[in-house]
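To start, the structure itself, in structure tokens.
A short reminder: the numbers here are calculations on the coordinates, not readings from a lab. Predicted, not measured: the structure shown is a model, and the values here were computed from it. Neighbour counts are summed over all protein chains in view; Cβ atoms, including those assigned to glycine, are modelled from backbone coordinates with ideal geometry.
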Amino acid sequence: MSGVSDMPTVFIQTNAKQYVGAVVAAHALRRNSRRPERFAVEVLHTDDFPFLLAYEGKTYTFGDRRRVWRNDDLQSFTPLRFAPPEKMGYRGRALVIDPDVFAVGDVNELLERDMGGKAILCRRRPAKPHRPGYLASSVMLLDCAELRHWHVEENFAELFDGRRDYKQWMQLECESPDSVGLFEPEWNDFDNLTPSTKMLHTTKRRTQPWKTGLPVDFRINAPMFGVVPQSLIRTLRRAVAGEETYQLHPDRRQEELFFGLLRECVAAELITEERLRREIAARHVRPDAFEVLDRVPSLPPLPAHAESARHATSRSVFS
């Protein structure tokens, strides 16, 4: 892990299952910026935060229920969304993104904007018939000096003794409403790729393009006790029948974007072919990944200002 930097830093949190996504996300940030030298990129890997391992198998509070913490869950990186202010020494500006968020615009436009005195900028996730709207912490612009109450290890421990609710934590309900502002939805565009999109978030786990065809390996969240939901019964039946797999992404352009970026990562040795084969063997990446790399069209040529971005991201970030 890097030391404290005065440079605005984009933090990408990940775990072993989403490592390749994090590599591609880091490359996309630099590739698509006119001035990639103006910001740093750091990957926060769960393996580097041993306090997470200490809670394996313990239950934590999630709304009106208790859940079991598993470090091999597809999204076990989520507590690391709240690590950057400490990493930055509570100074400067940080952007936090999940490992399935891919910049298609220039991230400097977000990093350098006036935050209007807010400690956090994010977007609101719209309500659905079965779910109220909420603030999405999957992409956050942070004024680290205003977040000195964020201590990720202590805050994580509070989940397990009932002092903190995971759902409220992730949805920024622990923060003063006056400290949170909103940026445009295009900076965290949920499974939506349009000419206005700045950062694409492939948030629907079942259709993430690099997972297609693999057995589903994330857990269906359900109460520990009580009536088993019908959705869980259906999932179990499909799993027994061997039908529960990651599905093809419905938008071919999003698949082509991801694999076009991955192809550039391999060419620049940000991830080697050998490492990619290991990720395939571990079932973190779809088994036909090399075939997809061969068939998808190349992305538009890199602009002259971004050609150096192929090598600007330190390989040590991905070690």
Environment charge of Gly89, counting only residues whose C-beta is closer than 14 Å and scoring Lys/Arg +1, Asp/Glu -1: -1
Table column - 3J(HN,Hα) (Hz), segment 28-35, Karplus curve with 6.51, -1.76, 1.60, x for Gly and Pro: 4, 4, 6, 4, 9, 9, 6, 9
Segment 68-139: GluC sites (Glu not before Pro) falling in loop per DSSP and having at most 14 other Cβ within 10 Å: Glu112
Lysines whose Cα lies under 19 Å from that of Lys128, excluding same-chain neighbours fewer than 8 positions away: Lys167, Lys204
